[in-house]
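Notes for the one structure printed next.
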């Protein structure tokens, strides 16, 4: 079924190839996989935030019929290789390395910390077994805030560190910080907090691991953003070669960063499977997901801003503390990205930045959609606070400070060129769409009637992938690879290390390959999720539009050249005179010469050729990102705050976004809307809350509130397309921007609505109770 | 163990279940109907929604034994194999979903709602689906899919 008549698939909202299966219950998620002889695991978890483990008595659990094995932390430690989190080891954290085990041994470090694993014939029986495990704890004082962790007298969460600093204090300066502040008309100071909240994919973590004793091969069915990173982690901890581990993944029920690595629990399941000699499945329940899978943000910022009386933002000096929770995964890497991104699209000429990362008795910091997003929150909040103090309009202060688009491009004070950034255009576009003067008139009229409306504006840029770096791509975020093959049935097969979990790669990559190679969309197959078959890769960091889009385009071009070269021998024509149109190879201008690509592939497979002919119709391609470039945009929200109840309603939301050339507009818009919904949720609803003893308060969906269809308005999207930077590849990532910029957009709107009360907002989480507190504590303007 | 007989997607299934087994686990584990997803196990997210005797229910909150003698429809039973029903087609046409995990619950909830309220407007649809959580889409594309199905239903 060819679904569109357009000349090209790329750029059209081609219907997703994923949908027929997911709409009929045919998706295959990790929980759906069943293996013969499969057992089920459940974890005994700590009810305490910080305690010494005195004894673990598993005898009653082991005696329960149906329980096959119960393994304690000490037993698991003896079966595995110690080391830091595999993702931390791969990406490099830079700070001191805490020493710990997959399951707690000497002590527990957060409420939810796994202490033992019970393996049984069913999940029901495994949970029964958990109930029978008795753990004796001796309470330790919990370190439940960054403030406590910074106190040199706080008990160390990790004995080998001596204190709770996992990212040692570091200060950098860009430009003349002291001179800029000394010369500024004004210096304003703010303390800004970003609260702890979390990914909450609708499918939690999970895996099934089996071990073949004869070959020594471990097979992992995983819910992951990268089969290769999972493979690396499992091999590291089991102490076996990577080629002894095969990781398979089917459909993934969302992630937003959570599943980029491989968790302690998943590694424990792998070890347990090897120990019992049968496949073991673990699928976390929602309470485990909310309390133990990991949380994000929880950062605080002391900000000094140097500003001219006319509203020029001259310098920022920012001190950041990040609470990475227990068992550091990647929180220690975040401050460096925040530092680099803090200037955003602005002319800022001086930046001082210092950071400290601490460990606490809370769930681990994990990547969540735009892990560095707080740079945008801080900057866009500060601009509004400054505008208020100076009597400037929020649009005016931004337009005044945006870096001009020049050639060569303006370079951020932290070093990266703002090539192709369209902030000014996107600001003007949203401002025009909402008609700010008309809104101000309505706002005044409604205020007179006791209704409080507010408008908020914020802008962002996202390195998706970012400008070409002089050092070239490197590490896990480096080159993108793809194998491409023309099969005998005429299907162009793409083998990619991307592991889509909602991003629609099976559709978007096929669109690009179909156009470039010259076959119908339906004649392209995208293979993902088998570490034995696909090249290295990961889905994350909004990198796939450019990186995988690019390798698909160039790989399809290479494969086409190879097919034409081979066909030239069959068709007795020069490859230069051949083309592929709609799945047929033909001599240009001679329709009678047409031969299907399937026929060409069948001939190639027949093998009747001399040594001068290469009949292997496959290529291995790589792509370095070309000229790269920035994604970005400006968002505007109109909210109404009910000052009696504290409820906030988002009445209108407009986004003007530039992600370069669109591969599939419907997919792009889905990413933008989804990110905005998460950002609205973060401000109005979501919080991963601990009490003062480190008890987790948000372990169900009655406590951790997610936005519903009644909370998220229609989101209007306007697309800008930057001047192309590259001859072929101008697709840029759009995965994180919505979540990055929606929180300041909404908070700015709320503050604007509360202007008559003189409310100033220095935080991100604004549920109704907090709104009422802010109003009560304010001094009316 | 309790012996039960349930009609699921038009076929009669006899099974022997523990009294504590949920309907969602019975469908997924005993009948291999893995299209019904379990998203929270406490009735809050709606991913496990199936239709029991004409009403949308959370199969994680219903025990398998409570479904004895009932007629259950799951996502697998909504349209003949290999085809999309009108609602599913409208959702595909509207790019309703992304990761697909919440999808079966939304489809079943919307299907039950549309049968009872074929003329529903946007706000009613939003309210009817407000007990189902999607973390990917921001809901607009799902609402558009249901609106499109409703419109096509009226025009047919």
*asked:* Quick check: from the Cα gyration tensor, does the range A:345-397 come out rounded (a/c under 1.5), prolate or oblate?
replied: prolate
*According to the square roots a ≥ b ≥ c of the eigenvalues of the Cα gyration tensor, what is the shape class of the protein assembly as shown, taking rounded for a/c under 1.5, prolate for a/b larger than b/c otherwise, and oblate for the remainder?*
rounded
*asked:* Using the basic label-point model (7 angstrom from Cα toward the beta carbon), what is the residue A:755 to residue A:169 distance in nanometres?
replied: 4.0 nm
*If you rank A:757, B:26 by fewest surrounding Cβ atoms within 10 Å, what's the result?*
A:757, B:26
*What residues from the range A:572-599 fall in the zone where the backbone N is under 19 Å from a label point 7 Å along the Cα-to-C-beta line of residue A:612?*
A:572-578
*What's the FRET efficiency of residue A:187 with residue A:777 using the Cβ-Cβ distance as r and R₀ = 30 Å, to the nearest 0.05?*
0.75
_Given R₀ = 45 Å, what would the calculated FRET efficiency be for residue A:590 paired with residue A:532, taking r from the Cβ atoms and rounding to 0.05?_
0.55
*Please work out the FRET efficiency for the pair residue A:447 and residue B:124, using the Cβ-Cβ distance as r and a Förster radius of 35 Å; give the result to the nearest 0.05.*
0.65
*Where labels lie 7 Å past Cα in the beta-carbon direction, separation of residue A:244 and residue A:705 in nm*: 5.1 nm
*Computed [θ] at 222 nm, deg cm²/dmol, chain B (DSSP H ≥ 4; -39,500 (n - 2.57); rounded to nearest 500)*: -9000 deg cm²/dmol
*asked:* Given axes a ≥ b ≥ c from the Cα gyration tensor, I'd like to know whether the range B:86-155 is rounded (a/c under 1.5), prolate (a/b larger than b/c) or oblate.
replied: prolate
*asked:* Using Cβ counts within 10 Å as a stand-in for footprinting exposure, how do A:131, A:77 rank, fewest first?
replied: A:131, A:77
*So for A:91, B:1, B:91, fewest C-beta neighbours within 10 Å to most, what's the order?*
B:1, A:91, B:91
_Label-point separation in nm, residue A:624 to residue A:389, each point 7 Å along Cα→Cβ_ = 4.5 nm
*Over all residues in A:669-679, what is the mean tally of Cβ atoms on other chains that come within 10 Å of each residue's Cβ?*
5
*Across peptide B:113-126, how many C-beta atoms of other chains are within 10 Å of each residue C-beta, on average?*
1
*Provide the gained length on full extension for the span residue A:139 to residue A:432, in nm with one decimal, where the gain is 0.36 nm per separating residue minus the Cα-Cα distance.*
99.6 nm
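Any read-out appearing in this document is the output of simple, stated calculations on the displayed coordinates, not a laboratory observation. These numbers come from a predicted model, not from an experiment. All Cβ positions, glycine included, derive from the backbone under ideal geometry; neighbour counts span all protein chains shown.
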